[in-house]
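To start, the structure itself, in structure tokens.
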Amino acid sequence: MIEGQERNILVDDFLAKLRRYKGAKIPNNVSRNENLNRIALSLKRSGLIDEIPLEVMKNALNIYLDNVSHGISRGRGCTAVLAACILVASRSSPSPVTLRYVSRALKIDPSRIWRTESLVVKNTNGKNMAVRPIDFIERYAESLNVDDDVRDEAIALTNKIASQVSLMRKSPSTIAISALYLASILKDRKLVQRYVTKKTGITEVTLIRTYKEIYSYLTGNQAT
């Protein structure tokens with residue numbers, strides 16, 4: 001496994017070489033690291049190396065190398081892992097990238113990215129990898145195809161219950177999905193439960209219990 005300064009040098013060299021090549025034609029051995037070579041063409045064609053801040057991209061590639069060394073790309077593909085790493089790395093940026101933006105740039109289905117993202121976060125250690133429900137709102141909002149006002153309401157709901165999240169004993173993604181469902185009810189555009197479960201993988205029982213729990217915290221009617 002490549003670590004520390006050696007990995008930073010590897011990433012810097014890789015990005016510098018990619019930027020030098022004009023057009024989409026690049027050699028197969030841009031880097032001496034095979035995992036970086038596997039994403040070189042997709043990354044170059046996407047234009048992301050010119051659009052995403054350099055430090056965010058460097059961080060994303062470091063996270064990528066760490067995760068592929070743990071075998072996370074098996075059955076998912078290196079490009080999907082890269083996309084997930086870019087999302088995770090951009091969280092600390094003043095302007096985080098969206099799932100739709102990365103999905104379109106790398107031409108990958110959004111559902112593949114956010115499923116991979118949860119594994120990337122799980123496999124990556126560090127304070128900046130802390131996961132909050134709000135980190136998943138954008139991803140699931142796109143997957144469920146909700147309107148912007150429903151998404152914004154879900155964000156507001158998760159912010160209001162932020163102090164209660166640890167007490168709920170639910171995963172951040174479960175809370176995010178349930179907040180979107182509750183927001184759709186509050187905005188009179190109720191999502192069909194079966195549609196939500198099919199799109200996100202959450203069970204109907206968990207969805208119902210969690211959205212009701214969120215509502216109880218908001219109204220102050222939670223059980224003691």
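Read-outs throughout are calculated quantities, based only on the coordinates presented, and are distinct from any laboratory measurement. These numbers come from a predicted model, not from an experiment. Using ideal geometry, Cβ is built from the backbone for each residue, glycine included, and neighbour counts are taken over all protein chains shown.
Structure data summary
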| read-out | value |
| --- | --- |
| Alpha carbon centroid spacing (whole Å) that separates segment 152-224 from segment 43-98 | 29 Å |
| Order of Cys78, Cys85 under a 10 Å beta carbon neighbour criterion, fewest first | Cys78, Cys85 |
| Relative contact order of the chain, pairs being alpha-carbon contacts under 8 Å that are 6 or more residues apart, as % | 13 percent |
| Note, ³J(HN,Hα) from phi for segment 191-201, Karplus 6.51, -1.76, 1.60, rounded to Hz, x at Gly and Pro | 6, 6, 4, 5, 5, 5, 5, 5, 6, 10, x |
| Ranked by how many other beta carbons lie within 10 Å on average, peptides 151-160, 178-187, 106-115 from highest | 178-187, 151-160, 106-115 |
| Size of electric dipole in the chain: Cβ of Lys, Arg +1 and of Asp, Glu -1, about Cα centre, debye, nearest 20 | 580 debye |
| Global form of segment 4-129, assessed from the alpha-carbon gyration tensor, a/c cut-off 1.5 | rounded |
| Fewest-first sequence of Phe136, Phe14 by Cβ atoms within 10 Å of each Cβ | Phe14, Phe136 |
| Positive-pole candidate from Gly71, Asn159, Ser216, dipole of the chain, charges at beta carbon | Gly71 |
| Fully extended contour minus Cα-Cα distance, from Ile185 to Thr219, at 0.36 nm per residue | 10.7 nm |
| Acute angle (nearest 10 degrees) that the helix 78-89 long axis makes with the longest principal axis of the chain, alpha-carbon atoms | 60 degrees |
| Positive-end residue, the chain charge dipole about Cα centroid, Cβ charges, pick of Asn123, Ile49, Ala80 | Ala80 |
| Charge sum, other residues only, whose C-beta stays under 15 Å from Ile161's C-beta, Lys/Arg counted +1 and Asp/Glu -1 | +3 |
| Global form of segment 137-201, assessed from the alpha-carbon gyration tensor, a/c cut-off 1.5 | oblate |
| Length released on extending from Lys107 to Ser93, taking residue separation times 0.36 nm less the Cα-Cα span | 2.8 nm |
| Degrees between helix 110-123 axis and first principal axis of the chain (Cα, 0 to 90, nearest 10) | 80 degrees |
| Principal-axis tilt of helix 34-46 within the chain, Cα atoms, nearest 10 degrees | 70 degrees |
| Inter-label distance, nm, simple model (7 Å from Cα along the C-beta direction), Arg45/Gln193 | 4.3 nm |
| Ranking of Thr116, Thr203 by count of other Cβ atoms within 10 Å, fewest first | Thr203, Thr116 |
